[in-house]
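Here the structure is laid out as structure tokens; the discussion comes afterwards.
The values are calculated or read from the model by the stated rules, or taken from the named source; none is laboratory data. All values reported here derive from a predicted model rather than from experimental measurement. All Cβ positions, glycine included, derive from the backbone under ideal geometry; neighbour counts span all protein chains shown. Heads up: the accessible areas ignore ligands, DNA and RNA and are worked out on the full protein's heavy atoms, side chains in. Shrake-Rupley method; radii C 1.70, N 1.55, O 1.52, S 1.80 Å.
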Number of protein chains: 2
Amino acid sequence: MPDDRLYQLHAGICQTLANPKRLEIIDHLRGGELGVTQLAEAMNIGQANLSQHLALMREKGIVLARREGVNVFYRLSNPKIIQACDLMRQVLLEHLEKGAELAGSYRK
Amino acid sequence: MPDDRLYQLHAGICQTLANPKRLEIIDHLRGGELGVTQLAEAMNIGQANLSQHLALMREKGIVLARREGVNVFYRLSNPKIIQACDLMRQVLLEHLEKGAELAGSYRK
DNA sequence: TAATAATATTAGAATATCCTTATATAATTA
DNA sequence: TAATTATATAAGGATATTCTAATATTATTA
């Protein structure tokens, strides 16, 4: 596989995490699987929109779905996703602590 | 800080990683700081475009810049960025190994 | 089989991202 | 100060994402 293609796929994974609602979905799924209805109730989000986010996350391999009768339950596909999210959140928080007001300028 | 705002900022960090060129920049900076010219040469990318990517990464606290005379050297701001990238790459690779051709469908 | 509940998909407008070209700024040297 | 080199910023078209509203599908039960 050419490097270019790998970077593209890798960017695709990151892109999938690059949305506040999808990050919230991930947080809700930390404790184990949840049904779509439960998620929708927990999340203040429209049904169609939630379904779209979940479809995207399924395609990128972030979540797995399991149908049980009329309900569909989603879970995280890999615990490393939580680790990666936590690390990025730490990067964010450390950046905020260091004084984000300086961000974008050269630090003297 | 409200949760919403945190998710938004977190998504901003992910968004910054959600681009093949920026991931390549991160890879090039793994070994330590590099000048813009060196980066541009290593990367098959236009000068203006590289500068824009670096500006974005600076704003989000991913990289830090240091000017030395007429040159500007960039480095990663936090080793956790590398860890997070590596984890996401692992998630990607494991997903590919498991047969991405099934992706998007319910696994039976 | 018809009705219902749960979930998924489609269409399309609003917004954001990306790259290229042109221009601006900053530091150095003649 | 003028010219040069390195880097940054701005403008704008092409493309991608996001959300809402409407419709389709899937499974269950009457």
Calculate, in nm to one decimal, what residue B:66 and residue B:8 gain on full extension: separation in residues at 0.36 nm each, minus their alpha carbon distance.
18.1 nm
Go ahead and set up a Gaussian network model of chain B, Cα springs under 10 Å, then flag whichever of B:97, B:59, B:24 fluctuates most.
B:97
How shielded is B:4-10 by partner chains, expressed as the average number of their Cβ atoms within 10 Å of its Cβ atoms?
6
The answer for residue B:77, listing residues at least 5 apart or on another chain whose modeled amide H is closer than 5 Å to its amide H, is B:63, B:64
Could you tell me what percent of the accessible area of the protein assembly as shown is made up of carbon and sulfur, with a 1.4 Å probe and every protein chain present?
51
Between residue B:82 and residue A:37, with labels modelled 7 Å along Cα→Cβ, what's the label distance in nm to one decimal, could you check?
4.9
Ignoring ligands, DNA and RNA and using a 1.4 Å probe, state the total buried accessible area between B and A in Å², rounded to the nearest 100.
4400
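Which whole-number value in Å² is the accessible area per residue of the protein assembly as shown, probe 1.4 Å?
Accessible area per residue, the protein assembly as shown: 52 Å².
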Taking 10 Å² as the minimum loss, tell me which residues in region A:45-79 lose that much accessible area going from the chain by itself to the full protein complex (1.4 Å probe).
A:58, A:59, A:60, A:61, A:64, A:65, A:67, A:72, A:77, A:78
When you take every Cα atom in region B:3-77, what is the radius of gyration, and what is Dmax, the widest Cα pair distance, in Å?
12.8, 42
Normalised by the number of residues in chain A, what is the relative contact order in percent for Cα pairs under 8 Å and 6+ residues apart?
23
Starting from the Cα of residue A:21, draw a straight line to each of the aspartates and glutamates and keep only those under 20 Å, dropping any in the same chain fewer than 8 residues away.
A:33, A:41, A:59, A:86, B:3, B:4
